[in-house]
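Student: Take this structure first; my questions come after.
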Amino acid sequence: MFAALLLPAAAWAKDPVYTTYFSNVAVGGYDVTTYFSAAKPAKGKKSFSAEYMGADWHFSSAENRDKFAAAPQQYAPQYGGYCAWAVAQGDTASGDPLLWTLHDGKLYLNYNKKINDRWRADMQNLIAAGDQNWPAVLD
């Protein structure tokens, strides 16, 4: 029974948005609108939060929260914030909010630097595979 508690959060993954096992906050608490407007992520605040797809999303301002609330699918990372490369492989892994790519107006997160480099090297094919695998990888 206790061994199950040592499994990575992705092993428990059934939710459409990646959050850690002990938190319901999406994208590690980063403000997803800032990836698009500031070209880099900014940490959000609990005082500016919204609920979307069963997760709590934090924002750096009320204005950003309201932008997200008006069009969450425009800002939320693809594949629920799970590692885009892993989804393309037919699996799930945690997405690191500091290892990200914007492509064709969409946000993708990756597990680590090595995976992020592999993702960027073959992004078009990996997006096609990820789109085909999502959301079945959650089953």
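The values are calculated or read from the model by the stated rules, or taken from the named source; none is laboratory data. Since the structure is predicted, the reported quantities are computational estimates derived from the model, not experimental observations. Ideal geometry is used to build each Cβ from the backbone, glycine not excepted, and the neighbour counts take in all protein chains shown. Only protein heavy atoms, including side chains, enter the accessible area calculation; ligands, DNA and RNA are left aside. Shrake-Rupley method; radii C 1.70, N 1.55, O 1.52, S 1.80 Å.
Student: So for the chain, averaging the separation of alpha carbon pairs under 8 Å that are six or more residues apart and normalising by length, what relative contact order in percent results?
Tutor: It comes to 22 percent, rounded to a whole number.
Student: Another question, then. Can you work out the Karplus-derived ³J(HN,Hα) for every residue in the range 90-95? Use 6.51 cos²θ - 1.76 cosθ + 1.60 with θ = phi - 60°, whole Hz, and x for glycine or proline.
Tutor: Whole-Hz 3J(HN,Hα) from phi for the range 90-95: x, 9, 10, 7, 5, x.
Student: Run the dipole for the chain about the Cα centre, Lys and Arg Cβ at +1, Asp and Glu Cβ at -1, nothing else charged, and hand back the magnitude in debye, nearest 20. All intermediate terms of the calculation are to be shown ahead of the outcome.
Tutor: Working: 12 positive and 13 negative charges, 81 e Å.
Roughly 380 debye, rounded to the nearest 20.
Student: To the nearest 0.05, what FRET efficiency results for residue 37 and residue 124 with a Förster distance of 22 Å applied to their C-beta separation?
Tutor: Numbers: r = 25 Å, r/R0 = 1.14.
Efficiency computed from Cβ-Cβ geometry: 0.30.
Student: Moving to a separate point now. Between 26, 38, 55, where does the largest GNM mean-square fluctuation fall for the chain, given springs only between Cα atoms within less than 10 Å?
Tutor: Result: 38 has the largest fluctuation of those listed.
Student: Oh, and also: Just flag the trypsin sites (Lys or Arg not before Pro) in the range 8-113 sitting in loop per DSSP whose Cβ has no more than 12 other Cβ atoms within 10 Å. Kindly include the intermediate steps, with their values, before the conclusion.
Tutor: Working: sites: 14, 43, 45, 46, 65, 67, 106, 113; in loops: 14.
Hits after loop and neighbour filter: 14.
Student: If amide H atoms are built 1.01 Å from N in the plane of the peptide, which residues on other chains or at least 5 residues away come under 5 Å of the amide H of residue 56?
Tutor: 25, 26
Student: When the Karplus curve 6.51 cos²θ - 1.76 cosθ + 1.60 is applied with θ = phi - 60°, which whole-Hz ³J(HN,Hα) does each residue of the range 23-39 get, with x for Gly and Pro?
Tutor: 8, 10, 8, 6, 6, x, x, 7, 7, 5, 5, 6, 4, 8, 9, 10, 6
Student: Which net charge results when you count Lys and Arg as +1 and Asp and Glu as -1 among the other residues whose beta-carbon is under 15 Å from that of residue 84?
Tutor: On the way: positive: 106, 113, 114, 118, 120; negative: 91, 96, 104, 117, 122, 131.
That works out to -1.
Student: With the full set of protein chains in place, find how many percent of the accessible area of the chain is carbon and sulfur; take the probe as 1.4 Å.
Tutor: With neighbouring chains kept in place, the figure for the chain is 54 percent.
Student: In 10 Å bins starting at 0, how do the alpha-carbon pair distances of the chain split up by percent?
Tutor: 13, 44, 34, 9, 1
Student: Farthest toward the dipole's positive end in the chain, which of 60, 132, 81, given Cβ charges of +1 (Lys, Arg) and -1 (Asp, Glu) about the Cα centre?
Tutor: The residue sitting most towards the positive pole is 60.
Student: Calculate the spin-label point distance for residue 47 paired with residue 61, positioning each point 7 Å from the Cα along the beta-carbon direction, and give it in nanometres.
Tutor: Result: 1.5 nm between the two label points.
Student: Order 22, 48, most accessible first, counting only protein heavy atoms with a 1.4 angstrom probe. Please report the intermediate quantities before stating the final value.
Tutor: On the way: 22 185, 48 55 Å².
Sorted descending by solvent-accessible area, the residues read 22, 48.
Student: Excluding ligands, DNA and RNA, what is the solvent-accessible area per residue of the chain at a probe of 1.4 Å, expressed in Å²? Before the final figure, lay out each step's value.
Tutor: On the way: 7610 Å² over 139 residues.
Result: 55 Å² per residue.
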